[in-house]
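Reading through the C-alpha cells given below for one structure.
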Amino acid sequence: MIFTETERAYLTAQLLARLATTGPDGSPQVRPVGFRLNEDGTIDIGGPDMARSQKYRNAAARPEVSVLVDDMAPDDDPVASGWGRGIEIRGRAEVLAVDVPPVAPDRFSKDIVRVHPRRIITWNLEALGSSSRTVE
C-alpha cells in the first residue's frame, strides 16, 4: 500500500486539494482542485473543462507535479489539537479521459489528471512533526 491507514482516512475525508504544476516558462502554478484517492494509491484530479485548463496542459507537458491536502486539526484531535496538518504527494502526472469524472460527475469533464505518487510528506497526522518517504 502506498498510503498508511491514517493517511488514507485523512485523504478520503478531505474535499479540496491544491495541484502544483510548472508552466511553459518554468514558473509554478498552484490551483485548488477536487480530487479522489483511488484504491491503487493514485490520485485523480478533475474539474470543469479540464482539458482546456492551464493545469491540465502543464501536467501533460511537464508531468512532475505536487498535490497538497491540508487543514487545521480540530481541538479534539489526539495528535495535533489546533495545529496545521496535512500531506503532500509528489509524483508523475498522467492526463487521460475516464468514463465517469472522479468528483462532481454532473459538472466536471471526463478529462482528468491522475497522479502516481513517488514521494509522500506528512505533518502532524500520525505524530507531531513531519515525515517523508519515497514510494516508487
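Each reported figure results from applying straightforward, stated rules to the coordinates on display, with no laboratory input. Remember, predicted model here, so these are calculated numbers, not experimental data. Don't worry about glycine lacking a Cβ; one is built from the backbone with ideal geometry, like all the others, and counts go over all protein chains shown.
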For the range 102-115, in order, what is each residue's ³J(HN,Hα) by Karplus, 6.51 cos²θ - 1.76 cosθ + 1.60 with θ = phi - 60°, in whole Hz (x at glycine and Pro)? x, 9, 6, x, 7, 10, 8, 6, 7, 7, 9, 10, 9, 9
Using a 10 Å cut-off around each Cβ, can you sort Trp83, Trp123 from fewest to most neighbouring Cβ atoms? Trp83, Trp123
Please say if the range 5-124 is rounded, prolate or oblate, where rounded means a/c under 1.5 for a ≥ b ≥ c the square roots of the C-alpha gyration tensor eigenvalues, and otherwise the choice is prolate for a/b larger than b/c and oblate otherwise? prolate
As a check on your grasp of the helix formula, calculate [θ] at 222 nm for the chain: sum -39500 (n - 2.57) over DSSP H runs of n ≥ 4, divide by the residue count, round to the nearest 500. -3500 deg cm²/dmol
What shape does the range 26-83 have by the C-alpha gyration tensor, where a ≥ b ≥ c are the square roots of the eigenvalues, rounded means a/c under 1.5, and otherwise prolate means a/b greater than b/c and oblate the rest? prolate
Which percent of Cα-Cα pairs in the range 62-136 sits in each 10 Å bin, short to long? 19, 33, 30, 18, 0
Say R0 is 22 Å: what FRET efficiency, to the nearest 0.05, do Arg18 and Asp99 get from their beta-carbon distance? 0.25
Just rank Leu15, Leu68, Leu96, fewest to most, by other beta-carbon atoms within 10 angstrom. Leu15, Leu96, Leu68
Explain nothing, just the number: relative contact order of the range 5-124, from Cα pairs under 8 Å at least 6 residues apart, as a whole percent. 27
